[in-house]
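The values are calculated or read from the model by the stated rules, or taken from the named source; none is laboratory data. Keep in mind that what you see is a predicted model, and the values were worked out from it rather than measured. Quick reminder, even Gly has a Cβ in these numbers, built from the backbone with ideal geometry, and neighbours come from all protein chains shown.
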Amino acid sequence: MDTHYLTRYLGKQTLHFLYFDPTTFTRDDLLYLPHHSKLANAVIKRKAEHLAGRIAASYAIKSLTGRGQVIDMGLHGEPLWPKGIKGSLSHNCCCAIAIATIDKAITSVGIDIETIIDESEAKQIWQVVLNNAERQNLFGWPFPLAVTLAFSAKESLYKALCYDTKQGIDFFSSQIINITHNTLTLELTNDLAGHIKGERWILYWQQQGTQVITLVCH
């Protein structure tokens with residue numbers, strides 16, 4: 001599979017990008033993964049995106065240890081990072097992104113990348129992602145961007161918290177209370193196993209063309 005690797009910064013953290021062409025994916029490419037058999041029945045799109053995510057994660061690990069490592073997947077498909085490393089990854093149709101850190105001061109990491117939805121879809125799904133107060137807080141931002149950004153931010157928070165809590169986390173477990181040109185603040189709307197209602201999380205975000213990236217590094 002044809003790929004192109006590069007790094008960028010967001011919130012003073014290094015993000016590892018892997019752009020890939022899914023049309024160049026071949027069946028043998030998946031053998032790069034020790035757990036390739038777990039994806040035997042997946043569609044080609046899923047295989048290509050999963051592979052790209054693991055390659056991006058390997059680059060992220062290599063930046064810390066000097067040696068790349070392919071991470072396995074847990075029972076729910078979650079990435080299993082090496083001991084002492086906290087990380088997160090995300091992917092869409094043609095780009096995978098990963099972050100990894102050994103900074104002990106950082107306890108939670110979550111990252112997400114989304115393609116900005118169109119106006120029609122935004123009008124159809126916004127009530128699944130936003131409450132009325134959040135929509136007011138996002139007033140003045142292009143509506144498709146606002147809905148996509150809210151979706152992505154809450155996905156990033158979910159990834160950051162999912163290892164700490166066994167409770168269900170949905171789009172209304174947090175709400176947007178503030179947004180700037182590069183940060184977004186989420187507030188928990190209920191207690192989540194060690195994290196109390198009202199606790200606030202600052203995320204970093206950026207738009208790259210038709211893509212939105214959000215990051216929690218807490």
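Does region 1-29 hold any residues that are among the aromatic types (Phe, Trp, Tyr), under 16 Å from residue 89 (Cα atoms) and in contact (Cβ under 8 Å) with a residue 12 or more places away in the chain, and which are they?
Residues satisfying the conditions are 5, 17, 19, 20.
Restricting to region 96-130, name every residue that is β-branched (Val, Ile, Thr) and part of a helix (DSSP H, G or I).
125, 128, 129
So residue 93 clears everything in (1) part of a loop (DSSP other than H, G, I, E, B); (2) over 16 Å from the mean Cα position of the chain (by Cα); (3) over 19 Å from residue 205 (Cβ atoms) except one condition, right? Which one?
(2)
Restricting attention to region 168-196, report how many residues are at pLDDT below 95 and out of contact with any strand residue (DSSP E or B) (no Cβ under 8 Å at 6 or more places or on another chain).
9
Test each condition in (1) part of a loop (DSSP other than H, G, I, E, B); (2) under 25 Å from residue 50 (Cβ atoms); (3) among the basic types (Lys, Arg) for residue 197 and report the one that comes out false.
The single condition residue 197 does not satisfy is (2).
Can you list residue pairs whose Cβ atoms sit under 6 Å apart, with the first residue in region 124-145 being assigned by TED's automatic domain parsing to the domain that holds residue 178 and the second being at pLDDT below 95 and not in a helix (DSSP H, G or I)? Count only pairs 6 or more apart in sequence or on different chains.
Taking only residues 6 or more apart or on different chains, the pairs are 129/171.
Please identify the pairs in which a residue from region 189-218 that is within 15 Å of residue 17 (Cβ to Cβ) has its Cβ atom under 6 Å from the Cβ atom of a residue that is of a type in the set (Asp, Glu), counting only partners at least 6 apart or on another chain.
212/114; 214/112
Does residue 151 satisfy the condition of being in a loop (DSSP other than H, G, I, E, B) and surrounded by 14 or more Cβ atoms within 10 Å (Cβ to Cβ)?
Spelling it out, it is not the case that residue 151 is in a loop (DSSP other than H, G, I, E, B) and surrounded by 14 or more Cβ atoms within 10 Å (Cβ to Cβ).
Among residues belonging to region 35-47 that are touching a residue at least 12 places away in the same chain (Cβ under 8 Å) and under 17 Å from residue 71 (Cα atoms), point out the one that is surrounded by the most Cβ atoms within 10 Å (Cβ to Cβ).
My answer is 47.
Residue-by-condition table, conditions (1) small (Gly, Ala, Ser); (2) more than 28 Å from residue 181 (Cα to Cα); (3) surrounded by 16 or more Cβ atoms within 10 Å (Cβ to Cβ):
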residue	(1), (2), (3)
2	no, yes, no
6	no, no, no
10	no, no, yes
15	no, no, yes
23	no, yes, no
26	no, yes, no
30	no, yes, yes
33	no, yes, yes
49	no, yes, yes
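Name the residues in region 72-81 that are of a type outside the set (D, E, K, R) and either within 19 Å of residue 20 (Cα to Cα) or in a strand (DSSP E or B) (or both), would you?
73, 79, 80
Picking from 68, 84, 53, which residue would you name as being part of a loop (DSSP other than H, G, I, E, B) and surrounded by 13 or more Cβ atoms within 10 Å (Cβ to Cβ)?
68
Could you list, in sequence order, the residues of region 30-82 that are among the basic types (Lys, Arg) and farther than 19 Å from residue 94 by Cβ?
Across region 30-82, the qualifying residues are 38, 62, 67.
Residues 141, 201, 126: which one is among the aromatic types (Phe, Trp, Tyr) and touching a His at 6+ places or on another chain (Cβ under 7 Å)?
Only one candidate passes the filter, namely 201.
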